[in-house]
Structure formats: structure tokens, C-alpha cells
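The values are calculated or read from the model by the stated rules, or taken from the named source; none is laboratory data. Just so we're clear, the structure is a prediction, and the values are computed from it rather than from any experiment. Positions of Cβ are generated from backbone atoms using ideal geometry, with glycine treated the same way; all protein chains shown enter the neighbour counts.
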Amino acid sequence: MLGPLPGGLSAAYESETAPMTTIQIDEQTAESLKSKAQALGMNLQEYLRAIAGNGSQPAEELTHVQWSAKLRAWAASFPALPHVADDSRESIYAGRGE
């Protein structure tokens, strides 16, 4: 394991095939990463691998109430239509021989 980062963190990881690397980040960033990892039940190494692997942050664990609230907030972020949208089956399939 290579030298620790501020806050007792280390960016190096042990692997038989991967070389170890040290990165330098400020203490605030290190603490933020550590907190995000812990919130997801991961250690820092697992969290950084997950971010590096798919280019996005791992999904957070939400209760159904939290998920529903986030979905509603996302939907509310779009502008309202000035009219009622006709999403009936008849309008969707109009002109298709039904």
C-alpha cells in the first residue's frame, strides 16, 4: 500500500495484475469521497473503482419513499404543457389500421 492521503485515506490498491498509483487530493475532497463511499456501504477503494469503471457514481440505496420523492421531483423539474396531452390508446395508434 502506498502512502496515505489526508484524512487517513489511500488511493493505492493492492492487486496482482494492476500497478499501484498514488494521487494527491485536498483533504476536503478526500473526506467527501470517503463519506460518499460509506453512505453506500463501500470502502474508498471500492467506491473509486465503481466510479472509474462506469464513469458515473454508484447508485445510492433508497427506500421506496425516497425513490418516489426523487422521481416526483425529477418529473416536476419539467415545464408543464399549456394543454392536456392526449395519451389515449386511440390517439397513440391512430392511423395504424386498428
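A few remarks follow.
- On the stretch given as the stretch 11-30, residues that are modelled with pLDDT of 80 or more and either surrounded by 15 or more Cβ atoms within 10 Å (Cβ to Cβ) or of a type outside the set (Asp, Glu) (or both) total 8.
- Inter-residue pairs, beta-carbon under 8 Å, first more than 14 Å from residue 49 (Cβ to Cβ) and in the stretch 19-37, second loosely packed, with under 12 Cβ neighbours inside 10 Å and modelled with pLDDT under 85, 6+ apart: 22/3
- Selection over the stretch 40-56 of residues that are without any contact (Cβ under 8 Å) to a residue 24 or more places away in the chain, surrounded by 12 or more Cβ atoms within 10 Å (Cβ to Cβ) and part of a helix (DSSP H, G or I) gives a count of 4.
- With respect to the conditions (1) under 13 Å from the mean Cα position of the chain (by Cα); (2) at pLDDT below 85; (3) not in a loop (DSSP other than H, G, I, E, B), residue 67 falls short on a single one, namely (1).
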